[in-house]
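Engineer: Have a look at this one before I ask anything.
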Amino acid sequence: MENDIQEVLLTAEQIKAKIQELGRVLSTDYQGKNPLVICVLRGAVVFMTDLIRDMTIPLEIDFMAVSSYGNATRSSGVVRIVKDLDSSVENRHVIIVEDIIDSGLTLSYLIDVLDRRNAATVKVVSLLDKPSRRTVELYPDYCGFQIPDAFVVGYGLDYAGKYRNIPYIGILKEKVYQ
Ligand code: 5GP
């Protein structure tokens with residue numbers, strides 16, 4: 001796997017430090033709110049499991065899986081819920097945990113779905129953000145790192161199902177997906 005990585009963008013240590021910081025901020029902001037932390041499968045699972053362990057307040061978790069029609073490295077914005085939540089979001093303070101925001105289409109769809117289900121608040125925490133590629137107006141409420149327009153893998157992010165277990169985030173060599 002290492003041979004397919006062009007460059008390490010974020011080391012495991014950098015990621016860990018940033019998540020501790022995010023965990024502290026979220027613990028303060030959601031004190032007494034018992035938030036429902038929603039992991040968007042599958043890319044965000046590694047981030048979410050680390051993040052909740054850096055949150056010191058009572059919370060609940062749930063999972064949602066969406067699939068976006070598009071090619072392997074670009075999403076189309078047409079999103080389908082593949083696995084829905086088990087819990088109701090009505091009157092809950094919801095935190096959507098995402099791995100990366102690219103065009104923003106997946107998240108704007110999800111926020112809309114949860115708003116329509118009458119969540120009390122819906123906020124987004126994303127480990128990575130590629131603001132240069134946004135096609136809809138969407139800003140994460142909490143963000144780990146802004147990154148340049150490159151296709152990255154590791155720390156939960158995949159290409160064709162692979163590389164999720166790399167402990168850092170790296171730019172994938174173009175020859176792998178071209
Ligand atoms: P959006 O709807 O914001 O364009 O796409 C978000 C989703 O596209 C992410 O949750 C992720 O699954 C995928 N994605 C976008 N950029 C990357 C990237 O650089 N690497 C990987 N592995 N997935 C990405």
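The values are calculated or read from the model by the stated rules, or taken from the named source; none is laboratory data. If you're wondering where the values come from, they're calculated on a predicted model, not measured in any experiment. In this analysis, Cβ positions are derived from the backbone assuming ideal geometry, glycine residues included, and neighbour counts consider all displayed protein chains.
Engineer: I need the full set of residues from region 93-124 which are at pLDDT below 95 and hydroxyl-bearing (Ser, Thr, Tyr), in order please.
Structural biologist: Across region 93-124, the qualifying residues are SER103, THR106, SER108, TYR109.
Engineer: If you don't mind, there's one more thing I want to ask. Run SER67 past the list (1) free of Cβ contacts under 8 Å to residues at least 60 places away in the same chain; (2) surrounded by 16 or more Cβ atoms within 10 Å (Cβ to Cβ); (3) in a strand (DSSP E or B) and report the number of the one that doesn't hold.
Structural biologist: Against the list (1) free of Cβ contacts under 8 Å to residues at least 60 places away in the same chain; (2) surrounded by 16 or more Cβ atoms within 10 Å (Cβ to Cβ); (3) in a strand (DSSP E or B), SER67 comes up short only on (2).
Engineer: Those residues that are basic (Lys, Arg) and within 29 Å of TYR159 (Cβ to Cβ), I need them from region 1-59; list them, please.
Structural biologist: Matches in region 1-59: LYS16, LYS18, ARG42, ARG53.
Engineer: Quick one: count up the residues across region 24-49 that are closer than 30 Å to GLY161 by Cα and surrounded by fewer than 19 Cβ atoms within 10 Å (Cβ to Cβ).
Structural biologist: 4
Engineer: If you don't mind, there's one more thing I want to ask. Could you tell me which of the residues ARG92, ARG42 is among the basic types (Lys, Arg), over 19 Å from LEU138 (Cα atoms) and within 17 Å of the chain's Cα centre (by Cα)?
Structural biologist: Residue meeting the stated conditions: ARG42.
Engineer: Go through the residues of region 74-88 one by one and say whether even a single one is on the phi > 0 side of the Ramachandran plot and not acidic (Asp, Glu).
Structural biologist: yes
Engineer: What are the residues in region 76-112 that are buried (at least 18 other Cβ atoms within 10 Å of the Cβ), more than 13 Å from the ligand (Cβ to nearest atom) and not in a loop (DSSP other than H, G, I, E, B), if any?
Structural biologist: HIS93, VAL94, ILE95
Engineer: Taking region 154-178 as the region of interest, how many residues are among the aliphatic types (A, V, I, L, M), on the phi < 0 side of the Ramachandran plot and not in a strand (DSSP E or B)?
Structural biologist: Qualifying residue count, region 154-178: 2.
Engineer: Among the residues of region 4-39, which ones are part of a strand (DSSP E or B), farther than 26 Å from ALA119 by Cα and of a type outside the set (Val, Ile, Thr)?
Structural biologist: Passing the criteria: GLN6, GLU7, LEU9, LEU10.
Engineer: Pull up region 140-153, narrow it to residues that are closer than 21 Å to ILE96 by Cβ and part of a strand (DSSP E or B), then point me to the one that is nearest to the ligand (Cβ to nearest atom).
Structural biologist: Selected residue: VAL152.
Engineer: Might you check whether a residue that is within 11 Å of the ligand (Cβ to nearest atom) and at pLDDT below 95 occurs anywhere in region 163-177?
Structural biologist: Yes - at least one qualifying residue is present in region 163-177.
Engineer: Further question on the same structure: Across region 130-139, which residue is nearest to ASP4 (Cα to Cα) among those that are more than 10 Å from the ligand (Cβ to nearest atom) and loosely packed, with under 13 Cβ neighbours inside 10 Å?
Structural biologist: Checking each candidate, the answer is SER132.
Engineer: Pick from LEU51, LEU127: which is at pLDDT 95 or above and within 13 Å of the ligand (Cβ to nearest atom)?
Structural biologist: Unique residue meeting the criteria: LEU127.
Engineer: On the basis of being within 26 Å of GLN31 (Cβ to Cβ) and away from the ligand (no atom under 12 Å from the Cβ), does ARG116 make the cut?
Structural biologist: Criteria not met by ARG116.
Engineer: Cβ-Cβ below 9 Å, separation at least six or inter-chain, first residue in region 155-170 and among the β-branched types (Val, Ile, Thr), second modelled with pLDDT under 95: which pairs?
Structural biologist: Listed by first residue and then by second, the contacts come to ILE166/MET1; ILE166/GLU2.
Engineer: Additional query: For region 69-81, does any single residue satisfy the condition of being more than 12 Å from the chain's Cα centre (by Cα) and at pLDDT 95 or above?
Structural biologist: Taking every residue of region 69-81 in turn, none turns out to be more than 12 Å from the chain's Cα centre (by Cα) and at pLDDT 95 or above.
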